[in-house]
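Reviewing the structure listed below.
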Amino acid sequence: MNIVIESRDYWVKIVEFLQQNWALIEPKSDSMDFAVFFLGDTSGVFDIIDFASQELAEQALVRNGFKRYLDPSENFPEFLYPPQPPFEWRDHPNGKIYSSGRFWKE
């Protein structure tokens, strides 16, 4: 089943050589909250965390090692290509690694 995410303001965390975790912040249609969708390189969404504002979502991403893909000081577009739609749910081998708190700093 496809997951609709309109945002293309990618955030990226390099977790291992040749492996990245990606994030997109999306306003929720049923509230004033925002959802952060976490994706793998192959467009699979593997976790979601909700936040009360976009600012809080961005602060949490930075606190957890994510950087904005288009940050001019990083040059990510020179060597990384973000996942593209269609997006769909795909379980992560280690489960919901961020929303579980396992690899997430509050």
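I'd like the full set of residues that are under 21 Å from K67 (Cβ atoms) and either open to solvent by 80 Å² or more (accessible area, probe 1.4 Å) or in contact with a strand residue (DSSP E or B) (Cβ under 8 Å, 6 or more places away or on another chain) (or both), limited to region 80-101.
L80, Y81, P82, P83, F87, H92, I97, Y98, S99
Tally up the residues in region 62-73 that are exposed (fewer than 15 other Cβ atoms within 10 Å of the Cβ) and within 22 Å of T42 (Cβ to Cβ), please.
Residues that pass the stated criteria total 2.
Quick check: anything in region 56-73 hydroxyl-bearing (S, T, Y) and under 13 Å from the mean Cα position of the chain (by Cα)? Give the steps one after another, and end with the answer.
Initially, region 56-73 is screened for residues hydroxyl-bearing (S, T, Y), giving 69, 73.
Filter again for under 13 Å from the mean Cα position of the chain (by Cα), leaving 69.
There is at least one residue in region 56-73 that is hydroxyl-bearing (S, T, Y) and under 13 Å from the mean Cα position of the chain (by Cα).
Would you mind telling me which numbered condition in (1) under 13 Å from the mean Cα position of the chain (by Cα); (2) open to solvent by less than 20 Å² (accessible area, probe 1.4 Å); (3) of a type outside the set (D, E, K, R) F76 fails?
It fails just one condition, (1).
Across region 4-32, what is the total count of residues that are open to solvent by 40 Å² or more (accessible area, probe 1.4 Å) and either in contact with a helix residue (DSSP H, G or I) (Cβ under 9 Å, 6 or more places away or on another chain) or part of a strand (DSSP E or B) (or both)?
6
Against the condition among the aromatic types (F, W, Y) and in a strand (DSSP E or B), how does W104 come out, does it pass?
When the stated conditions are applied, W104 does not pass them.
If you take the residues in region 18-76 that are β-branched (V, I, T) and touching a strand residue (DSSP E or B) at 6+ places or on another chain (Cβ under 9 Å), which one is farthest from H92 (Cα to Cα)?
The qualifying residue farthest from H92 (Cα to Cα) is V62.
The values are calculated or read from the model by the stated rules, or taken from the named source; none is laboratory data. Predicted model only: the values in this text are computed from it and were never measured. Backbone-built Cβ (ideal geometry, glycine too); neighbour counts: all protein chains shown. Remember, those area values only see protein heavy atoms, side chains included, never the ligands or the DNA or RNA. Shrake-Rupley method; radii C 1.70, N 1.55, O 1.52, S 1.80 Å.
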